[in-house]
1. Select from region 21-65 the residues that are small (G, A, S) and within 18 Å of the chain's Cα centre (by Cα) and write down the one among them that is surrounded by the most Cβ atoms within 10 Å (Cβ to Cβ).
2. Name every residue in region 17-65 that is in contact with a Gly (Cβ under 9 Å, 6 or more places away or on another chain) and small (G, A, S), in order of residue number.
3. Which numbered condition trips up T58, out of (1) in contact with a helix residue (DSSP H, G or I) (Cβ under 9 Å, 6 or more places away or on another chain); (2) of a type outside the set (D, E); (3) in a helix (DSSP H, G or I)?
4. Can you work out which of the residues in region 1-46 that are basic (K, R) and at pLDDT 95 or above is farthest from G71 (Cα to Cα)?
5. Could you run through region 1-20 and say how many residues are surrounded by 10 or more Cβ atoms within 10 Å (Cβ to Cβ) and either outside any helix (DSSP H, G or I) or among the aromatic types (F, W, Y) (or both)?
6. Can you confirm whether M31 is out of contact with any strand residue (DSSP E or B) (no Cβ under 7 Å at 6 or more places or on another chain), outside any helix (DSSP H, G or I) and free of Cβ contacts under 8 Å to residues at least 24 places away in the same chain?
Amino acid sequence: MAEDIIRQIVEDEEKLFLILGVGLFALLGVMSMITKTFTAIAAERTKREIAAYIAEGTMSPEQGERLVKAGKRSMSSWCG
C-alpha cells in the first residue's frame with residue numbers, strides 16, 4: 001500500500017517537486033524557529049549574567065545598562 005503511493009509520487013515529477021518543495025519550506029521554518037529560540041535563550045542568559053555582576057558589585061548599573069543596549073543595537077543591525 002505505502003510502496004504503491006511512494007512509487008506513484010516518484011513517477012509523477014510534478015508531485016515529487018511539490019512534496020520536496022513543501023518539505024524544504026517546512027524544514028526552513030522549523031530551523032528558523034529553533035534559531036530564534038536559541039537566540040532568545042542566549043539573550044536572557046546574558047541579561048542574567050549582567051545582573052549577577054551588578055549584584056556582586058563588579059559592574060555598575062550604568063555599565064550593565066550600556067551592555068544590554070549595545071547588544072540590542074547590534075542584533076537589530078543583523079536584519080538591516
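The values are calculated or read from the model by the stated rules, or taken from the named source; none is laboratory data. Keep in mind that what you see is a predicted model, and the values were worked out from it rather than measured. Cβ: placed from backbone, ideal geometry, glycine included. Neighbour counts: every protein chain shown.
1. A43
2. The initial filter retains those residues of region 17-65 that are in contact with a Gly (Cβ under 9 Å, 6 or more places away or on another chain), namely 43, 46-47, 50-51, 53-54.
A43, A51 - these are the residues of region 17-65 that are in contact with a Gly (Cβ under 9 Å, 6 or more places away or on another chain) and small (G, A, S).
3. (3)
4. Only one residue fits best here, namely K36.
5. 2
6. Criteria not met by M31.
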